[in-house]
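In what follows, a structure is listed as structure tokens, so that the remarks can point back to it.
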Amino acid sequence: MTLTLAQHRVEAADVRGNVDRAVGSIERAADEGADIVALPELFNVGYFAFDSYAREAEPLDGPTLERISAAAAEHEVAVQAGSIVEDLEASADAGVETPTAEGLANAAVFFDRSGKRRGVYRKHHLFGYDSAETRLLTAGQALPTVEFEGFTVAMTTCYDLRFPELYRRLAEEDVSLVLVPSAWPYPRIEHWKTLPRARAIENLTYVAAANGSGEMDGDQLVGRSTVYDPWGTPLASSDDDPALVTAEISPSRVEAVREEFPALRDRRE
């Protein structure tokens, strides 16, 4: 299976332009043979555009994800729609299960090849260090998985990478691919290169970390979107410029690594 991380430029509060770039990335990735395309965290509004969160919040059936769903269906490719600022009340009114019926959430969505919404993950760990995220957003509670063409797929988001217990829970669910939309900035580049690799090694699973590109309000994203295999080996990566990062992945590879090195069997509760 071909997985592509769409590291496109994300500009603060430029929702139309950012979504246009995301759709363009999906189209190019599909033309190059991608089976799954993953987008960055808050790919439409921009993570650091805190003043725009409330104004640009949408339900899960809002215009941003409608376009992403349509692009998935048109090109017959699965899309992990990075994340958006979700209006929880509007989603609840539309019949979507939410952690609460009010407030905002950082919501990542998985669409299958038909454009059907298959999974929703709301970021569990909200960034408190010099960030407005904890004040503006509601933390998620559910940890869903999606079965897709031989893979058990899970989603986590950016800062979640610092909390390994979350990924161990996914290993207990036999997750074989974790997609991690992110908006990781300089100067913490070594953390970005280390944490997703460690999560792959610890849990003997693919971890694909999709970052954005560009600068927002003085914060420069490090880019370097990377796909790690179950040994923690980088299969494909980029620098900090816009790029499509593509790797070939296989569920049988996860099975083979876990059989060859069955460390998870030796875990003590």
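The values are calculated or read from the model by the stated rules, or taken from the named source; none is laboratory data. Quantities reported herein were computed from a predicted structural model and do not represent experimental measurements. Cβ: placed from backbone, ideal geometry, glycine included. Neighbour counts: every protein chain shown.
Summary of computed values
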quantity: Answer from 6, 57, 22 - the residue that is buried (at least 24 other Cβ atoms within 10 Å of the Cβ) and in contact with a strand residue (DSSP E or B) (Cβ under 6 Å, 6 or more places away or on another chain); calculated: 6
quantity: Count - residues of segment 196-218 that are of a type outside the set (Val, Ile, Thr), closer than 19 Å to residue 162 by Cβ and part of a strand (DSSP E or B); calculated: 3
quantity: Residue 131 being of a type in the set (S, T, N, Q), surrounded by fewer than 22 Cβ atoms within 10 Å (Cβ to Cβ) and within 25 Å of residue 217 (Cβ to Cβ); calculated: yes
quantity: Unique match (being at pLDDT 95 or above, among the small types (Gly, Ala, Ser) and in a helix (DSSP H, G or I)) among 183, 154, 171, 139; calculated: 171
quantity: Subset of segment 70-124 (residues that are at pLDDT 95 or above, over 18 Å from the mean Cα position of the chain (by Cα) and under 25 Å from residue 151 (Cβ atoms)); calculated: 70, 73, 74, 75, 76, 114
